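Single-structure report; data block below.
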Amino acid sequence: PVNVAPLTLSMYQYQANISDEEFQRFMVEPVKKKYPNISLQLIRRPSTQQPAELVATGNVPDMVFGALESIQPFLDVDIPSDLTALTKKNKTDLNKFDPASVSAIQMRSTKGELIALPFSVNFSALYYNKEIFDKFAVPYPKDGMTWEETVQLAKRVTQMSGGTQYQGIGIDGGNVRLGGQLSAQFVDAKTNKATFATDGWKRVFDVMKMIDDIPGNKIDAKIGARQVFLKDRTLAMLSSQGARVGEIEDMFKQGNPLPWDVASLPSFKEAKGKGFGPDTHLLMISKTSKHKDEAFQVISVLTSIEVQSEMSKWGRLSSLKDAKAKEAFGVNLQSLKGVHVQSITSYAVTPDLSYSPYSILAQKPLNQALGKALSGATDINTALREADESANQAIATEMRGSK
């Protein structure tokens, strides 16, 4: 018999964005409709809190709402349940989900466990400010551009005007996101050695340097490209994630609309039409939860075609393969009227080829190498070779510490 006693399940938000309004509309209300006894409580992560602290204080939630990169920190402290048995018990068809999302989740368990299910897909696109292009009489970006073509376009709108410096292009997420387009790995999953001294990362650094070298296009890292595009409105193009759609809608509601449109994400010549790697928002259930069955029932509601289609109408891309879940994308958003949404829904995720638990650790030396290459302190090949050495030392130290 299904438990009908009143029950509150806690859901901890870690790294993945969800607004209070989205939480009510796509989670609380549909669950309440199907299971009137179940309430959901969202716990927002305090900015510095790590999963280990949840374990130490005995505050492990029933469920976790996170991103792909959230999985490893929770695995490190043994929080996620293997959902394989629950999917079988509830006859959940994994084939209904976006395959790149499911395989990226499965890859993150060394034991072949299913430690999460995908809730939504954080797509990528090229957002642009029409007003800046109009100001300098430059044509708008088009779908299917390469990074080289985008850089040429960016040069034309990187101009000083009326004492304001306008900038052409910024990349939200930098080299990590671009690497995903070429399936460039951080660490070889078999050897646990860094893989930065490769053609893929060299191409990524070449493009980053090309962008950084446009006179007047340097973006202050402390401010970030996202703020320059959304708040300062002096950035012409921003390659970024789907979460920007909600922020643009909020600005519209506040009476401060952005004159924007969107084109498909620029791609590398050698990987035409490939988007960033998977960036899935997902749901985990904690091993310590006393209500795993009910938590899985909640996930079943949240990943149903009804909830996913409704979510799509509000500008959050469904994790389901079903075209019906995506066709009404953004119809309820005022700020999307007249926007070229086909650029968003036609975008193909580039699958992860492999995953190592040391991938996150290796990103810091890679970012430091990029800084050296952009400043001209060293050439790209040397910077990548040094990043390899530095990452391998960090991985070896970590491996020794965990023995």
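The values are calculated or read from the model by the stated rules, or taken from the named source; none is laboratory data. Here the structure is a predicted model, which is why all the values come from computation and not from measurement. All Cβ positions, glycine included, derive from the backbone under ideal geometry; neighbour counts span all protein chains shown. These accessible areas exclude ligands, DNA and RNA; they are computed on the full protein's heavy atoms, side chains included. Shrake-Rupley method; radii C 1.70, N 1.55, O 1.52, S 1.80 Å.
Where residues in segment 336-364 are under 17 Å from Asn175 (Cα atoms) and in a helix (DSSP H, G or I), which of them is modelled with the lowest pLDDT? Filtering segment 336-364 for residues that are under 17 Å from Asn175 (Cα atoms) and in a helix (DSSP H, G or I), the one modelled with the lowest pLDDT comes out as Ile360. Residues in segment 1-16 that are touching a strand residue (DSSP E or B) at 6+ places or on another chain (Cβ under 8 Å) and either open to solvent by 40 Å² or more (accessible area, probe 1.4 Å) or part of a helix (DSSP H, G or I) (or both): Pro6, Thr8, Gln15. Number of residues in segment 161-182 that are farther than 25 Å from Val138 by Cα and in contact with a strand residue (DSSP E or B) (Cβ under 8 Å, 6 or more places away or on another chain): the value is 5. Would you call Gln393 touching a residue at least 40 places away in the same chain (Cβ under 8 Å), assigned to a helix (DSSP H, G or I) and open to solvent by 30 Å² or more (accessible area, probe 1.4 Å)? No: the conditions fail for Gln393. Using the structure shown, decide if Ile214 is surrounded by fewer than 21 Cβ atoms within 10 Å (Cβ to Cβ), among the β-branched types (Val, Ile, Thr) and in contact with a strand residue (DSSP E or B) (Cβ under 8 Å, 6 or more places away or on another chain). So Ile214 fits the description; yes. Of the numbered criteria (1) under 30 Å from Val64 (Cβ atoms); (2) modelled with pLDDT of 90 or more; (3) open to solvent by 10 Å² or more (accessible area, probe 1.4 Å), the one Lys403 fails is (2). Just so you know, in segment 18-45 the residues that are of a type in the set (Lys, Arg) and closer than 22 Å to Gln241 by Cα include one that is surrounded by the fewest Cβ atoms within 10 Å (Cβ to Cβ), and it is Arg44. Pairs are defined by a Cβ separation below 7 Å, a sequence spacing of at least 6 or placement on different chains, a first member in segment 365-380 that is assigned to a helix (DSSP H, G or I), and a second member that is of a type in the set (S, T, N, Q) and surrounded by fewer than 20 Cβ atoms within 10 Å (Cβ to Cβ); the pairs so defined are Pro365/Ser390; Lys372/Thr378.
Selection within segment 268-281: residues that are open to solvent by less than 30 Å² (accessible area, probe 1.4 Å) and farther than 26 Å from Ser335 by Cα. The member of this set that is modelled with the highest pLDDT is Phe268. Scanning segment 149-178 for residues that are part of a helix (DSSP H, G or I), under 17 Å from Tyr127 (Cα atoms) and not polar (S, T, N, Q) returns Glu149, Val151, Leu153, Ala154, Lys155, Arg156, Val157, Gly174, Arg177, Leu178. Taking the criterion of being under 19 Å from the mean Cα position of the chain (by Cα) and open to solvent by 60 Å² or more (accessible area, probe 1.4 Å), the only residue of segment 158-177 that qualifies is Arg177. When Lys222, Lys209 are checked against the criterion of being of a type outside the set (Gly, Ala, Ser) and open to solvent by less than 60 Å² (accessible area, probe 1.4 Å), a single residue qualifies: Lys209. Criterion applied to Ile285, Ile360 was being open to solvent by 50 Å² or more (accessible area, probe 1.4 Å), aliphatic (A, V, I, L, M) and under 26 Å from Asp76 (Cα atoms), and the one residue passing it is Ile360. Contact annotation: residue pairs with Cβ atoms under 6 Å, 6 or more positions apart or on different chains, pairing a residue in segment 86-105 that is within 17 Å of Gly180 (Cα to Cα) with a partner that is part of a helix (DSSP H, G or I) and of a type outside the set (Ser, Thr, Tyr), are Val102/Leu94; Ala104/Leu68.
What are the residues in segment 300-319 that are surrounded by fewer than 23 Cβ atoms within 10 Å (Cβ to Cβ) and either in a helix (DSSP H, G or I) or within 21 Å of the chain's Cα centre (by Cα) (or both), if any? Ser300, Val301, Leu302, Thr303, Ile305, Glu306, Ser309, Glu310, Lys313, Trp314 - these are the residues of segment 300-319 that are surrounded by fewer than 23 Cβ atoms within 10 Å (Cβ to Cβ) and either in a helix (DSSP H, G or I) or within 21 Å of the chain's Cα centre (by Cα) (or both). Tell me, please, whether a residue that is open to solvent by 50 Å² or more (accessible area, probe 1.4 Å), at pLDDT below 95 and farther than 22 Å from Ser375 by Cβ can be found in segment 183-190. The answer is yes, given that some residue of segment 183-190 is open to solvent by 50 Å² or more (accessible area, probe 1.4 Å), at pLDDT below 95 and farther than 22 Å from Ser375 by Cβ.
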